[in-house]
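Take a look at the structure set out below.
Readers should treat all values here as calculations from the given coordinates under stated rules, not as data from a laboratory. Just so we're clear, the structure is a prediction, and the values are computed from it rather than from any experiment. Positions of Cβ are generated from backbone atoms using ideal geometry, with glycine treated the same way; all protein chains shown enter the neighbour counts.
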């Protein structure tokens, strides 16, 4: 919805997927740490297998983040620089672990897209095909929603219909663009 309004979107999950492509140094480091059991039959990262490992052990999750996040940061910086060079007015960086990775100070504005925990759980299970126990571990690994809300500049409520979400996005977009900014880097923490 923000892209439809003219924002450039840089999604950390997309960057993370690119960072661990077959043949990448990050994938090599992952295999070195956790073995070939985290690869599919074609030698690509098997995300489900890796999730089983890292979400059961905070040390493993931290190690994975230390492998992947520097490359994600590098790629995000390149994309932001490209957007600035083009003169893009609003750049939205979607960063699920924005607060957990202590990145909030890098952005002009923080927009939190939030929904009740039960809705988030249902969506992870439904949309990603992840079983409920794993989805609960994923949610538990993130900062609690109320703490994120306290740190966000804007909150988009995502617990109603698509029309309701559209109204929320309009409200926040008008507030951001209405501030008369000449350029803005905004992080969205889902």
Using the number of other C-beta atoms within 10 angstrom as an exposure proxy, rank 69, 102 with the fewest first. 102, 69
Tell me the label only: which of (1) 22.2, 87; (2) 17.5, 52; (3) 18.2, 72 is Rg and Dmax of the Cα atoms in Å as calculated from this structure? (2)
How much FRET efficiency would the formula 1/(1 + (r/R0)^6) give for residue 18 and residue 175, where r is the Cβ-Cβ distance and R0 is 45 Å, rounded to 0.05? 0.90
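What number, in percent, do you get for the relative contact order of the chain if the mean sequence gap of Cα pairs under 8 Å and at least 6 apart is divided by its residue count?
Values: 219 pairs, mean separation 57.0, N = 190.
This gives 30 percent for the chain.
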Using only the Cα atoms of segment 91-177, build the gyration tensor, take square roots of its eigenvalues as a ≥ b ≥ c, and label the shape rounded, prolate or oblate: rounded if a/c is under 1.5, else prolate if a/b is larger than b/c, else oblate. oblate
Tilt relative to the chain, helix 117-128 - C-alpha long axis, 0 to 90 degrees, to 10: 60
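Going by a ≥ b ≥ c, the root eigenvalues of the Cα gyration tensor, does segment 57-121 fall in the rounded group (a/c under 1.5), the prolate group (a/b larger than b/c) or the oblate group? Numbers along the way, then the final one.
On the way: a/c = 2.61, a/b = 1.30, b/c = 2.01.
Judged from the Cα gyration tensor, segment 57-121 comes out oblate (a/c at least 1.5, b/c at or above a/b).
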Of 117, 128, 17, which has the largest mean-square fluctuation in a 10 Å C-alpha GNM of the chain? 128
Going by alpha carbons, how many degrees (0 to 90, nearest 10) lie between the helix axis of 162-177 and the longest principal axis of the chain? 70
Which of 57, 65, 158 fluctuates most in a GNM of the chain (C-alpha springs under 10 Å)? That residue is 57
Roughly how many whole Å is it from the C-alpha centroid of segment 109-147 to that of segment 1-54? 19
Shape verdict for segment 29-74, please, from the Cα gyration tensor: rounded (a/c under 1.5), prolate (a/b greater than b/c) or oblate. oblate
Take 148, 22, 89 and order them by how many other Cβ atoms sit within 10 Å, fewest up front. 22, 89, 148
Listing 173, 34 by rising number of other beta-carbon atoms within 10 angstrom, fewest first, gives 34, 173
